[in-house]
Amino acid sequence: MPPLFPHLKEPIIVAFIVGLLLGGALVYAANGQGYLNFLSAFSAGELEDASLRLPHSLPLSIRVPAVGIDAKFEAPVALDSFGRMEVPKGYDTVAWYEFAPTPGELGPSVVLGHVDSETGPKVFHPLKDVKEGDTIEITREDGSVAVFSAYKIKYYRQTKFPMKDVFGDTNEAEIRLITCSGIFDHATYRYSHNLVVYGRLIEVK
């Protein structure tokens, strides 16, 4: 089975900037249109040593009880005509990146949400308060609820976003909740950092 990111090599030569327009996750490439195609190279294929996992099923809603997040999923996002990851259209909904595994499948599922808008805090604003061990519940179209446990919370400067660490292959069903953080630059209309919450599947209801 090919790797989830066949184009990712070490060292990574092309510089990436992960930007968030009013809190939505948006991936830019500083150089090289073709290199952006790695974003569509997600796969839910078999990997060795995989443990708990689920089949493909679209996510319907997300709950993070410890911080009060309770939201619906809108239509999945993909890449725009410039090769950039699309942002959720709504500020009170979240979106799954459709080239990633669905939540509960083997690999890193990716969920994007806005942190704020011009009118104030939005759906993923409480993400900053998530602690290791907090649960993330994803209700799926097949009726199951995939329960993840947060195991790492990281802030990354957008100019040094570790694409392989965040989106690379895993031997478990995992999830990445992504929003913006840091200082908002009114000149560039972008935040300085991204917040990523890492979780792994621990239970299926």
Filtering region 121-131 for residues that are more than 12 Å from Val94 (Cα to Cα) and open to solvent by less than 20 Å² (accessible area, probe 1.4 Å) leaves a count of 2
Search result, residues across region 58-79 that are open to solvent by less than 60 Å² (accessible area, probe 1.4 Å) and assigned to a strand (DSSP E or B): Pro59, Ser61, Ile62, Val64, Ile69, Ala71, Phe73, Val77, Leu79
Please verify whether Ile138 is modelled with pLDDT of 95 or more, within 12 Å of Val196 (Cα to Cα) and under 15 Å from the mean Cα position of the chain (by Cα), treating the condition exactly as stated. no
Return only the number of the condition from (1) assigned to a loop (DSSP other than H, G, I, E, B); (2) in contact with a His (Cβ under 8 Å, 6 or more places away or on another chain); (3) not hydrophobic (A, V, I, L, M, F, W, C) that Thr170 does not satisfy. (2)
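I'm trying to understand the selection: among the residues of region 81-93, which are of a type outside the set (Ser, Thr, Tyr), in contact with a Leu (Cβ under 9 Å, 6 or more places away or on another chain) and part of a loop (DSSP other than H, G, I, E, B)?
Initial filter on region 81-93 (of a type outside the set (Ser, Thr, Tyr)): 82-90, 92.
Subset that is in contact with a Leu (Cβ under 9 Å, 6 or more places away or on another chain): 82-88.
The answer is Phe82, Gly83, Arg84, Glu86, Val87, Pro88.
Return the residues of region 184-205 that are under 25 Å from Ser144 (Cβ atoms) and of a type outside the set (A, V, I, L, M); say none if nothing qualifies. Reasoning before the result, please.
Kept after step one, since they are under 25 Å from Ser144 (Cβ atoms), are these residues of region 184-205: 196-205.
If the condition is that a residue be under 25 Å from Ser144 (Cβ atoms) and of a type outside the set (A, V, I, L, M), then Tyr198, Gly199, Arg200, Glu203, Lys205 are the ones that fit.
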Among the residues of region 94-136, count how many are in contact with a Gly (Cβ under 8 Å, 6 or more places away or on another chain), under 23 Å from Leu201 (Cβ atoms) and assigned to a loop (DSSP other than H, G, I, E, B). 6
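The values are calculated or read from the model by the stated rules, or taken from the named source; none is laboratory data. These numbers were taken from a predicted model, which means no experiment stands behind them. Positions of Cβ are backbone-derived with ideal geometry, glycine not excepted, and every protein chain shown enters the neighbour counts. Keep in mind that these areas ignore ligands, DNA and RNA; they rest on the heavy atoms of the full protein, side chains included. Shrake-Rupley method; radii C 1.70, N 1.55, O 1.52, S 1.80 Å.
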